[in-house]
Structures are given as C-alpha cells and as structure tokens.
Amino acid sequence: MWRRGRRNARGEEIFWRNCDVLEFWAFLVAGVAMTGDPQMAAGGRPSVFLDSAEAARLRKEIRILPWKRDLYEGTETTSPVWRRVAKPGPDARRWLEKDIVIPARGGHFHHFFCECGNVLTWPKDLQPSPEGYACTACGRVYKGERYDAAVRREMHMALAQGALNLGLAWQVEQDERFARKAAEILRKYAAAYPGPHTGIVEGGIIYQSLCESMWVIPLAAAYDLILDSGALTEKDRADIEQNLLRPCAKGLVACGTDGNWGSWHLSAVGVVGYAIRDPELISYALRSFRDQMADQLGDDGLWPESVHTYHFFPLQAFLYLAEAARHNGEDLYYLEERPGKGLRAMFRAPLEYAYPDLRLPAINDGWWETWLPGQFYELAWARYRDQAFRWVVEQRAKAAGRIGLWALLFGEDLPGDAPAPPLRSRNFPVLGIVVLRGPGDSMLTFDYGPFLGHGQLDKMGVTLHARGKLWAADYGTPGYGSSILPWYTGTASHNTVMVDGSNQERTTERRLTLFAGGPHLEAAVAETEEAYPGVLHRRSIVRAGDDFIIVDELQSGKPRTFDWLFRGEGAMSAVASGPPAESELVLEHVAVRKSLRISGPVSLSWRQGEDELRLNLFCDDAADVFLARCPAETAARRVEMIAARRTGMRARFVAVLTPASVGEDLRVSIDGDVVRIRRRDVEDVVTLGPVLSSEPATDARFSLVRLVSGRPSLGAVVQGSALRWRDRVLIEGPVRGWAQKTIAPEP
Ligand SMILES: [Zn+2]
Ligand SMILES: [Zn+2]
C-alpha cells in the first residue's frame, strides 16, 4: 500500500502538468511508452474494484449472509431485452467448460429489434445463426450480417462479463482454474484486438465506442482481480497492457467526452488507467470527470438528456471510475466541481423525480420499464450513509431483491426500516420538468422544457401516478432500430395538445411562468410559442389535494385544429352522447372506436382493480370527441385514449383528473372559472382566475376553498392577496407566492 498523502500530492501534480492539453496530445501522438507510477506499482492487488481486505470480507459474507451468497451463487435472472443476468459463481463455472473463441468485430445492439418494437430472440449460445432470429413478440424472422453482428456484440459483452466473473470467482473461491480462464480470455483478446477506435463508430472490436467502453471496463477489472494469482506471465501482462488495454483506452480518449458517451469513454479510460497503473490515463479521466460534472451535469442535479435512462447511464459509468479511484486514494464521491454538482446530487435529484413506487417516468428517449436503480444506490448508501439512500436500497430490495456488482461487493445487511424521505414538488429547470406531488401519493409530471439530446416532441406532456398506480404514462422508446419509433418520438403519443394534426417543432423555450403553492394547493404554468409557430399555448396545472386540473389555452392568428390528447392505463368507460363527429381523427397507429360531436362536458374513467382515474373534460365550445386505442410501450399492447378536437382561432380545455375508488360518490362541475370537486361531504372549490362571486371571491391567480359539510375548513391562494367565502374573509393581506390557512369553525 502506498501512503495516501503522497499519492494525493502526486496525483495533483500529474493533474496540473497535464492541464496543457496540447502537450498531452503531443505526448499521445508521439506514442511515448508510459511507465507505471512507481508509488502505485508498490501497491498490492487487487486494487480497482476490490482490495485484498475487502476480498477477505466478501469471502466471509458469502459464507454467512444468505442473500449475499445468492448474489454470488444463486440462480440467474433473465430478461428478454438484456438476455440474462448471470450470477458470478455460475457464470464463472460455465466459462470453465468453454473454449474461448474471440468473435469478429461486433455490431449494434439496437439493430436487434423487430419493426414492431420488440427485441429479437438471442441465440442461447450467442453464435450467429444462418436461420435468423425471430421477434420475441410477433415471430417475424430477421437474418443477415446486420443481426449476426448484433449477436457478436453480445458475445463480446458476455466474454468481458465472464472475465470479470471469473476474476471475482478467483477472489471468492481461491481456485486457480478461475484465474487461468480469465487469463485465457484476456490473452486471446490481446492477440485478437484489431486496434483502437479512431472515431465513435470506426475501429475497435465493437461498432460503437460506447459499447467498447462498456466492454473494456470489466476486462480491465478482471485483469486487476487476477494479477495476484500468478495466472499471467510477465509476457502475458505486457501483451495485455500494450496490445489490448492501453491502445483501447487511447482510442477512447480520441473519441471525446461529449454527453453520456463521453461519460463512458472517460470512465473506461480511468478504470483501465488504474488497472494498468498508467498515470496519464488516470489524470485524463479525472480531469474529464471534473469537466463533465462542471459543464454537462445540469444545475438541478439531473443529466440533461432524458432522466430515466440517460441520467443513470452516465452515473453507472462514473461509479466504475469512482470505485477505481477510491481504491487508489482519490475521492470522487464528495467532489463538487461546482456547488451541488457532483455524484451525490446525481443520486439525490432522481428521488424527487421518481414516482412514489420508484418507477421512473419514461419522459424522452429511454426504456419504459425502468425503476430507480437499487444496485447503484448500494454504493450511495455505502459511501454517504444518507438514510434516504438506504430507503431506496430497501424499497428496491423488497420489489426486486438485492442485485448487481455493488450489492455483492459492498452491500450491507439492512433492516428494511429506513423512513421514506420527505419528497416535495420540484422544478427541474435544466430539463424543464415540474413534478407536482399531492399529500396522498399522487404525482404528476409536466414537461415544459426545451428539446434536448434524446428529447421527444412532447412539449406540455403530462404523466400521472396515483393510488400506487400509473394512470397516464409516457412510454419512452422501444429499440432505436424499430420502425414504430416515430410514433414514440412524435407528439401524438403524448398527453398534450396537437395542432393541425402535425408534430410539434423542436423548441428551445423554458417558459415556466409560475410554479408556486403549498401542501393543499399549488400550480405550475408554462407557455410555448415555438412548438407550433404562430400558436400561443399556455398550459396551467393546478393541484388541489390529490386532484389535478389541467387548463389549456390556445390562440392563433388563423383558424387551427386543436386536438387535446390523453391516454390512460386500464379499462376505459365513457359517458358521452351526441351526433357523429364532424371531422375524422387520422393518426398512424391510432384506431378510432367511437367519434361524437359534443357540446357539453365529457366524463371518462379508466379502471385498474378497485381504483379508477376519472376525467371530466370541459371544452369552451362544441367539440369532436374521439375514443380510440393506441400503442402502449409497444404496438403489441394498446391503451385507450381520448382526443377532443376544437377548431378556430382560439380554444380552451379544462380537464379535471380525479383518482377515486370504483363507485365512489364523486361529482365534478365547472361554472366559468370555478371548478367544484365534491366527495360526499367534502367539497373543493377551485378558482382558475380572479372571481367576484359571493362564494368564493378572490383576486388570486388560483385559489382553493375546502368545504366540509358546506363550511370552509381550509383556504389557499397562489399569487393573490384575498380570498372570501360569502361574507367571511379567509385570507387577507398582500401575499407573494402563495398562502394557505386552516379555517376555524364559525362560532
Ligand atoms: Zn415483432
Ligand atoms: Zn415520450
């Protein structure tokens, strides 16, 4: 072991010396052989994801903790998309039986998808199949090099993961056969490696430099894990370092540090750097990490692409780097390149973005079935000791068990009693998403932000979770290669307003004009003029308790067609009657079942079990209403939607969304700007603007009077100074932002 102080001082020296980028590049171009840091060379192995003391502790834990033994040795889980997640022990044993054959350069994962959006069937042995590959959903068969190359990529990933698992098995079981097999994989890769990436899809052994990064991290870790075994000769070590790991890392340096690909590039360079103890690679990785934190992570702590995959995707990469760094005396967990911008914020912000059951809203590109990743929060708890992170690990463990490398290496036995952290409504200004949370468990997301990397044409889109269920979803994206992709990236697949039947334009606006409120009443208002040039669209979301009111106001200089779109999970039933609609809803992938011309309110509900979501929609004039079916997360599953169409130069829609029990006595009405939501003897009276009636009267932008048996029990305003109910003053005095008062019963 080297001494921490000297190591740090040395690290900083290297960092500053290499601040001269030109000098650094010249150094690389000249191909100067880099010698290892003598301080580091003195250190023991392993030293990247595990040190020898941690390995000894792991051996003991696997003996005495059943869940940890299961993480190492248990039966594997499978997923049609991600093929299979083998536990290290069984995977290592399986590799012992196999001859190691390195396949030719691998292709693109996203090519392995059917036009219907579903993944094709991976061959069990991951050998390319001349008969082709059938869609897991519709059975259509695809064959040829495009698909074979995707299979070869999977094989490369399996080999790299296999090497890591063999390295772990060597550390856990101390059986040299594991180390020798890992050494065989590394040696054969050193012989077969065709040379580094020269561009993000040029060179390397896998098509994308992103995948090359994901492939080399476990290989580098495996190398470190078996160095103390004697399975590698001096010549093997030289071959692996000089013909595989170092050139691969240098290629990734050349691929840059932009976006989430950059996160993987720099993390892979760092992990390789620590594995082969190359100070130049290490300092490059640490400097690039700091730069990404400062310049690319959003000020709101979220990765500004799409949260649910593209936040955790770079975080996943950073954790490999952070652990490798930590094992070498460099702390990245508490590093804040600017206030609030660091790994801790990357763990903390998503808690406030996730639905109450920790599912992640699939807004923008990304997989539909995604939850707060408990496996990463294992490290968050281990490194920060923040109870909120323990809560995440425990909640996810209850739903899906303890999973992943970090749970195996550093997961602790947990009691399962961490209190849920208080989660409040929050605006994520970089991404442009507001999350509104009710006092029960309701949560609505409101996407008002600009079109960013991996964005979709979903401006003003909402999703809703309530009563433990997701009611209105954004379904993210299927595989990028599938032909139905335009549906998911387009406007019609989102709960927003579509104009003239066409997709929105990409926007740059972040026009959130209001976001204020307290526990019982709050509001978020946003505008856009870029989504449809010439159209001003203002969407206001008002939350009263666990109910939501969505107000859409649209204005244009010329006549337009405005389609208000909303889809729900569960069986839909509708109470609406009228003559046939005057127009047709023609949208690809949407099958209209019923169309009506209506001049009054429309009442719909979607039922799931004993709960339902009710929607009362009020249009400002006669409208065509279409009840239809559209794709859910794939075309193979459909959900029921409503489109309400108004035509003209302006339109206004008021939608009241009320989660309820099936059969609950719940009445919703609207009169001008006053919405009433009554559940038995409790009635919420919400105003959507200044109102001068006797009950209520207010100058507020939004207000709430809660009546119990007809008497006010609570008053709240957003942006206002007075609220009265009949002759009674509930709130008075200048109020900035919002105010809320519990009203004492009248004497
Ligand atoms: Zn298919
Ligand atoms: Zn979407």
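The values are calculated or read from the model by the stated rules, or taken from the named source; none is laboratory data. Just so you know, these numbers come straight off a predicted model, no measurement behind them. Note: ideal-geometry Cβ built from the backbone for every residue, glycine included; neighbour counts use all protein chains shown. The accessibility values were calculated without ligands, DNA or RNA, using every heavy atom of the protein model including side chains. Shrake-Rupley method; radii C 1.70, N 1.55, O 1.52, S 1.80 Å.
A few comments on the model shown:
- For residue 55, net neighbour charge (Lys/Arg +1, Asp/Glu -1) across residues whose Cβ lies under 12 Å away: -2
- Dipole orientation for the chain: of the candidates 100, 314, 189, 100 has the Cα lying most toward the positive pole (charges on Cβ; Lys, Arg +1; Asp, Glu -1).
- Descending Cα extents along the principal axes, the range 426-664, whole Å: 44, 42, 40
- Sorting the segments 406-418, 63-75, 429-441 by their mean number of nearby beta carbons within 10 angstrom, highest to lowest, gives 429-441, 406-418, 63-75.
- Under Karplus coefficients 6.51, -1.76 and 1.60, residue-wise ³J(HN,Hα) of the range 65-77 in Hz, glycine/proline x: 9, x, 5, 6, 4, 5, 5, 8, 10, x, 6, 7, 9
- Charge-dipole axis of the chain as Lys and Arg at +1 and Asp and Glu at -1 on Cβ define it, positive-most pick from 161, 135, 74: 74
- Burial order of peptide ranges 107-120, 529-542 (average beta-carbon count within 10 Å, highest first): 107-120, 529-542
- Backbone amide hydrogens, once placed in the peptide plane, bring residue 516 within less than 5 Å of 523, excluding anything fewer than 5 places away on its chain.
- Cα extents of the chain along the three principal axes, largest first (Å): 89, 60, 53
- Angle between the chain longest axis and helix 343-353 axis [Cα atoms, degrees, rounded to 10]: 30
- Annotation: lysines with alpha-carbon distance below 26 angstrom to residue 250 (same-chain offsets under eight excluded): 188, 235.
- Computed helical MRE - 222 nm, the chain, DSSP H runs ≥ 4 contributing -39500 (n - 2.57), nearest 500: -10000 deg cm²/dmol
- Derived scalar couplings ³J(HN,Hα) [the range 209-226; Karplus, 6.51 cos²θ - 1.76 cosθ + 1.60; whole Hz; x for Gly, Pro]: 5, 4, 5, 4, 5, 5, 7, 7, 4, x, 5, 5, 5, 4, 4, 4, 5, 9
- Per residue, the solvent-accessible area of the range 670-747 (1.4 Å probe, heavy atoms of protein chains only, all protein chains present) comes to 53 Å².
- Protection proxy ranking, highest mean first, for peptides 223-235, 313-325: 313-325, 223-235, where packing is the per-residue count of other beta-carbon atoms within 10 Å, averaged.
- A straight Cα-to-Cα reach below 27 Å connects residue 398 with the lysines 60, 68, 87, 469, residues fewer than 8 places away in its own chain not being considered.
- Taking amide hydrogens as placed 1.01 Å from N in the peptide plane, the amide H of residue 425 sits under 5 Å from those of 437, each at least 5 positions away in sequence or on another chain.
- For the range 670-747: rounded, prolate or oblate by the Cα gyration tensor [a/c cutoff 1.5]: oblate
- Whole-number percent relative contact order across the range 426-664, with pairs defined as alpha carbons under 8 Å at least 6 apart: 18
- Nearest-20 debye value, the range 426-664 charge dipole, Cβ charges on Lys, Arg, Asp, Glu: 100
- Only Lys, Arg (+1) and Asp, Glu (-1) charged, at Cβ; the chain dipole about Cα centre in debye: 820
- Relative to the longest principal axis of the Cα atoms of the chain, helix 259-276 runs at roughly 30 degrees.
- Hits among lysines - C-alpha to C-alpha of residue 143 under 24 Å, sequence gap 8 or more where chains match: 124
- 3J(HN,Hα) from dihedral phi, the range 679-696, Karplus parametrisation 6.51/-1.76/1.60, rounded to Hz, x for glycine, proline: 10, 6, 8, 10, 10, 9, 10, 10, 9, 9, x, x, 9, 10, 9, 7, 9, x
- Solvent-accessible area, 1.4 Å probe, carbon plus sulfur percent, for the chain: 51
- Per-selection Kirkwood Rh - the range 346-406 (Cα, Å, 1 d.p.): 11.8
- A dipole drawn for the chain from +1 and -1 charges on Cβ atoms has a positive end, and of 213, 657, 374 the residue lying farthest that way is 374.
- Taking a sphere under 13 Å around the Cβ of residue 596 and counting the other residues whose Cβ falls inside, with K and R at +1 and D and E at -1, yields a net charge of +1.
- Amide H partners (placed H, <5 Å) of residue 474, local residues excluded: 362
- Taking every C-alpha pair closer than 8 Å and separated by at least 6 residues, the mean separation divided by the residue count of the chain gives a relative contact order of 8 percent.
- Mean accessible surface per residue for the range 426-664, computed with a 1.4 Å probe while every protein chain stays in place, in Å²: 33
- Summed residue charge, Cβ within 14 Å of residue 239's Cβ, Lys/Arg positive, Asp/Glu negative: +1
- Rounded to the nearest 20 debye, dipole of the range 404-545 from Cβ charges on Lys, Arg, Asp, Glu: 320
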